Protein chains: 2
Amino acid sequence: MSNDAPPSDRPARTLADLARLAGVSAGTVSRALTNSSLVNPETRQRIQALAAAHDFRVNQMARRLRTQKTGVIGVVVPLGHERRQHLSDPFFMTILGHLADALTENGYDVMLSRIIPDAEDWLERIVDSGMLDGVLLIGQSDQFEAIERVARRYRPLVAWGSCQPGQVHCTVGTENMTGGRLAAEHLIARGVRRIAFLGELRAPELRERFEGVRAATEAAGLPEPLQLDTHLASEMMEQEIAAHLVRHLARIDGIAAGSDMIAMTTLRVLADQGMTVPGDVPVVGYDDLPLGLQTVPRLTTVRQDIARGARAMVERLFARIAGQDAPSLVMPPELVVRDSA
Amino acid sequence: MSNDAPPSDRPARTLADLARLAGVSAGTVSRALTNSSLVNPETRQRIQALAAAHDFRVNQMARRLRTQKTGVIGVVVPLGHERRQHLSDPFFMTILGHLADALTENGYDVMLSRIIPDAEDWLERIVDSGMLDGVLLIGQSDQFEAIERVARRYRPLVAWGSCQPGQVHCTVGTENMTGGRLAAEHLIARGVRRIAFLGELRAPELRERFEGVRAATEAAGLPEPLQLDTHLASEMMEQEIAAHLVRHLARIDGIAAGSDMIAMTTLRVLADQGMTVPGDVPVVGYDDLPLGLQTVPRLTTVRQDIARGARAMVERLFARIAGQDAPSLVMPPELVVRDSA
DNA sequence: TCTCGCATTGCAATCGATTGCAACAAGCCT
DNA sequence: AGGCTTGTTGCAATCGATTGCAATGCGAGA
């Protein structure tokens, strides 16, 4: 329970050191430490004890060079259209948490990259670095083509995002258009006639959500929704939304936000402007982040099952690493009605 | 702008492949690709062009084995006393975002580990893996001893957390006791007489914050603050806090939360119970996470300058990697008065 | 007693890039 | 003309672990 290891005379940094100490060859030590059945059980015990006593740990660099497996998965956040967006964005962090959990449970390490794709070959550099057994992309940003190009030749790659017909790369995500429609239908059912959609349309996911909103208004014979750009960097979002609302609030009576973060900021701004939610303006979010439970009022939102999505991404990635094929997954979104609409 | 690379006849995966193609030796190719002045400029050009044409990228595993540098920093979240706490905890994610930004700007990759320290040598395994040039710990959890033990022999290690006198490992953090005192003094100045501190005391940081609160009440001649345990896993936090408040709300008139997450949940629970903040009960948080700006009412809190702290951690780590010594940094906390108290 | 098989172990090649040192050529000086 | 510097390049060792193959020793069966 307290200090136990006998003071190690010499550091014993390599297999060869340990082999000398044990009076055997390096090969035998290697086999002993991997519990190979090719070594005598007694020898194995002895070597393992010696290794423990000397705090020996194999050099992963060498092991990985030799075995051509790294045990590392890259988790990459491409910030193409929104350079100022921070890695600490709650959606990224939520899905990253789930991915990291799933990967570490399976014995993989996680290498995190926040990438601003200014070089054309940003993704090539990652997948060809020789450091990774596979790559998970959190979001497609505006890099659809780059992802397609790499996916054509690099199998162990799975992205969170939207799935276009005929697309090469494997994605996990929700039916964004359906989700947008659900949000809008809910607002319409509550009597909203003129919806504002907060969020810009460069990333495919948001574009589809907006299309869903539009489809719903069209089906209900209502006027076109008002689309308002919103940067994702939190520093600027609040002012931007405030400006939008000051200008347009008179002409709208309900808000569909492109994400929960946008919705939360909107709640905040509306409170500042003395508007009540949902009384004066109902607000619907998108994502169902845990944070939505903490807002006042609690956020009505379109749920993406992020935990399930993360598990699915990891499963598909492992299948692809194993050489099998894995299709994309499009999950149905689900409206979660709480207090904001 | 479109596809440019001439179709690569043979993959050219290794330096040797490329050397054969170029009619030179592997050593020359290596030097050419690292812009060494030891090769003829023309040769260098030629080889670099060839490398680009064949999409050649050096094998990082081999390079790192040979150079004994990995270019990877481990960012580790030890979850000792709170196994159910999720990696997506906003504090972790906020600081992780800043760390990742600072590290990638300096050309390092980030390896993320969420560790449940059930094995005694969890940290040894990480630092001795041969995969990392240095390690950053986000929080000390209840693993103070394990960290000290490793820090005695492993230099490039910096932790976020509290700094005890005489401690070996390098930390960056705030004066938690002062912070607790600031929060309590603010509450007292607003007329609060009986403070509840929400948060458990196993991690040194929270313990110090509580001590600060106690010092303030003592100095003001007020009764001892009421300390209430709160798990950090968000699934349970809300119910737990609700239960605490139902039982104790009659006996207290102000709340100092151990963290902003706890404070946010408390706001939520109080709203549910029909209490107004700060009218009925003022609430002070701790951390000053960006999220505190989004709550209703906006959170009054004790600010830790997380961005500065992250930069300081990275600076100190680099200094230690370079063999210099770097002292711990204890930053002064700052009360940020907004609307919740 | 001889041979064969089995259980262990050692040997040496291998993964792919880096780098100190030697080799070589061309040009310059005395 | 010989020696020397300067500029390039190749050679081969090295980083540390893994693994196919050969070698060893033992006991059992014929």
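To the nearest hundred square angstrom, how large is the accessible surface buried between B and A, total for both chains, probe 1.4 angstrom?
On the way: alone 16650 and 16650 Å², together 28910 Å².
Rounded to the nearest hundred, the buried surface is 4400 Å².
What FRET efficiency do you get for B:K69 and A:A26 if R0 is 35 Å and r is their Cβ-Cβ distance, rounded to the nearest 0.05? Numbers along the way, then the final one.
Working: r = 24 Å, r/R0 = 0.68.
Rounded to the nearest 0.05, the efficiency is 0.90.
Give a residue-ordered list of calculated ³J(HN,Hα) values for the stretch B:293-304 (Karplus: 6.51 cos²θ - 1.76 cosθ + 1.60, θ = phi - 60°; whole Hz; x for Gly, Pro).
6, 9, 6, 10, x, 4, 7, 7, 7, 9, 7, 9
Only Lys, Arg, Asp and Glu count, each charged at its Cβ (+1, +1, -1, -1), so figure out the dipole size of the stretch B:176-303 about its Cα centre, rounded to 20 debye. Intermediate values should be presented prior to the final figure.
Working: 13 positive and 17 negative charges, 69 e Å.
Charge dipole of the stretch B:176-303: 340 debye, to the nearest 20.
Give me the inter-chain shielding for A:102-112: mean count of other chain Cβ atoms within 10 Å, whole number please. Please list the in-between numbers first.
Working: counts 0, 2, 6, 0, 0, 0, 0, 8, 7, 6, 11.
If you average over the peptide's residues, the count of other-chain Cβ atoms is 4.
At A:N35, label 7 Å along Cα→Cβ: distances to the other copies, nm, ascending?
Spacings between copies for this position, smallest first, are 4.8 nm.
Hey, can you find the accessible area per residue of the protein assembly as shown for me, probe 1.4 Å, expressed in square angstrom? Mind dumping the intermediate values first?
Details: 28910 Å² over 682 residues.
Solvent-accessible surface per residue comes out at 42 Å².
If you take every residue apart from B:Q164 with its C-beta less than 12 Å away from the C-beta of B:Q164, what net charge results, scoring Lys and Arg +1 and Asp and Glu -1?
Numbers: positive: B:R207; negative: B:E145, B:E148, B:E205, B:E208.
Residues close to B:Q164 contribute a combined charge of -3.
Percent of accessible area on the stretch A:15-58 owned by carbon and sulfur, 1.4 Å probe? Don't skip to the end; give the middle numbers.
Working: 1240 of 2470 Å².
Result for the stretch A:15-58: 50 percent of the exposed heavy-atom area is carbon or sulfur.
Stokes-Einstein diffusion coefficient for the stretch B:266-325 at 37 °C in a medium of 0.692 mPa s, Rh from the Kirkwood formula over Cα pairs: what value in µm²/s?
In µm²/s, the coefficient is 236.
Output the relative contact order of the stretch A:176-303, whole-number percent, from Cα pairs under 8 angstrom with separation of 6+ residues. Intermediate results must be reported in sequence, preceding the final value.
Details: 226 pairs, mean separation 33.7, N = 128.
Answer for the stretch A:176-303 is 26 percent.
Sort B:V284, B:V337 by accessible area with a 1.4 Å probe, largest first. Could you put the intermediate results ahead of the total?
Values: B:V284 0, B:V337 85 Å².
Most to least solvent-accessible, the answer reads B:V337, B:V284.
What share of all Cα pairs of the stretch A:15-58, in percent, falls into each consecutive 5 Å distance bin?
Once binned at 5 Å, the Cα pair distances of the stretch A:15-58 give 5, 28, 41, 22, 4.
Can you give the relative contact order of chain A as a percent, counting alpha carbon pairs under 8 Å and 6+ residues apart?
Numbers: 614 pairs, mean separation 54.5, N = 341.
That works out to 16 percent.
Determine the relative contact order of the stretch A:118-254: mean sequence separation of Cα pairs under 8 Å and six or more apart, normalised by residue count, in whole percent. Mind showing how you got there, number by number?
Working: 191 pairs, mean separation 27.3, N = 137.
Reported relative contact order: 20 percent.
Determine the percent antiparallel among the DSSP beta bridges restricted to the stretch B:203-341, to the nearest 5. Walk me through the numbers before you get to the answer.
Values: 3 of 9 bridges.
Taking every DSSP beta bridge within the stretch B:203-341, about 35 percent pair in antiparallel fashion.
Order the following by accessible area, largest value first: B:M331, B:M177. Probe radius 1.4 Å; ligands, DNA and RNA are ignored. The partial results should precede the final answer.
Working: B:M331 5, B:M177 95 Å².
Most to least solvent-accessible, the answer reads B:M177, B:M331.
Can you give the accessible area of A:S129 in Å² (nearest 10), computed on protein heavy atoms with a 1.4 Å probe?
It works out to around 20 Å².
Please report, to two decimal places, log10 I(q)/I(0) for the stretch B:95-169 at q = 0.12 Å⁻¹ as given by the Debye formula with identical point scatterers on the Cα atoms and no solvent.
-0.34
Starting from the Cα gyration tensor of the protein assembly as shown, multiply each eigenvalue by 5, take the square root, and state the resulting semi-axes largest first in whole Å. Provide the component values of the computation, followed by the final result.
Values: eigenvalues 406, 264, 89 Å².
Taking √(5λ) for each eigenvalue gives 45, 36, 21 Å, largest first.
Report the charge-dipole magnitude of the stretch B:181-250 in Debye, nearest 20, computed about the Cα centre from +1 at each Lys and Arg Cβ and -1 at each Asp and Glu Cβ.
Numbers: 9 positive and 11 negative charges, 67 e Å.
The calculated dipole for the stretch B:181-250 is roughly 320 debye.
Taking the Cα atoms only, what angle lies between the long axis of helix A:306-321 and the longest principal axis of chain A, rounded to 10 degrees?
Between helix and principal axis, roughly 40 degrees.
Counting only protein heavy atoms and a 1.4 Å probe, tell me what percentage of the stretch B:176-303's accessible area is made up of carbon and sulfur. Don't skip to the answer; put the middle values down first.
Numbers: 2440 of 4630 Å².
Of all accessible area on the stretch B:176-303, carbon and sulfur atoms account for 53 percent.
Before rounding to the nearest 500, sum -39500 (n - 2.57) across all DSSP H runs of length at least 4 in the protein assembly as shown and divide by the residue total; then give [θ] at 222 nm in deg cm²/dmol. Working shown, then result.
Numbers: 24 runs with 282 residues, N = 682.
The helix contribution divided over the protein assembly as shown gives -13000 deg cm²/dmol.
Taking the stretch B:176-303 as the region of interest, what is the percent of Cα-Cα pairs per 10 angstrom bin, listed from the shortest bin to the one with the maximum distance?
Reading the bins upward from 0: 14, 51, 33, 2.
Rounded to whole Å and ordered largest first, report the semi-axes of the equivalent ellipsoid of chain B derived from its Cα gyration tensor (root of 5λ). Walk me through the numbers on the way to the answer.
On the way: eigenvalues 530, 89, 56 Å².
In descending order, the three semi-axes are 51, 21, 17 Å.
Starting from a label point 7 Å past Cα on the Cβ side, list the distances from A:A322 to the same position in the other copies, nm, shortest first.
The projected label point of A:A322 is separated from its counterparts by 4.8 nm.
Which net charge results for the neighbourhood of B:N40, defined as the other residues with beta-carbon distances under 14 angstrom from its beta-carbon, given Lys and Arg at +1 and Asp and Glu at -1? All intermediate terms of the calculation are to be shown ahead of the outcome.
Numbers: positive: B:R31, B:R44, B:R46; negative: B:E42.
So the surrounding residues net to +2.
Taking amide H atoms as placed 1.01 Å from N in the peptide plane, list the residues 5 or more away in sequence, or in a different chain, whose amide H sits under 5 Å from that of A:L335.
Long-range HN contacts for A:L335: A:R303.
Among residues other than B:M131 whose Cβ falls under 14 Å from its Cβ, what is the net charge (Lys/Arg +1, Asp/Glu -1)?
In short, +2.
Just to confirm the number: angle between the C-alpha axis of helix A:41-53 and the first principal axis of chain A, 0 to 90 degrees, nearest 10?
70
Pairing the Cα long axis of helix A:90-105 with the longest principal axis of chain A, what angle in degrees results, from 0 to 90 and rounded to the nearest 10?
With both axes taken from Cα atoms, the answer is about 30 degrees.
Just to confirm the numbers: B:G191, label point 7 angstrom along the Cα-Cβ line, distances to the other copies in nm, shortest first?
Nearest first, the other copies' label points are 3.8 nm away.
Convert each backbone phi in the stretch B:284-291 into a coupling constant with the Karplus relation 6.51 cos²θ - 1.76 cosθ + 1.60 (shift: θ = phi - 60°), then list the ³J(HN,Hα) values in order as whole Hz, x for Gly and Pro.
In residue order, the calculated couplings are 10, x, 8, 2, 6, 6, x, 4 Hz.
The values are calculated or read from the model by the stated rules, or taken from the named source; none is laboratory data. Small disclaimer: the values here were computed from a predicted structure and weren't measured. Backbone-built Cβ (ideal geometry, glycine too); neighbour counts: all protein chains shown. When the accessible area is computed, the model is the full protein with side chains, heavy atoms only, and any ligands, DNA or RNA have been set aside. Shrake-Rupley method; radii C 1.70, N 1.55, O 1.52, S 1.80 Å.
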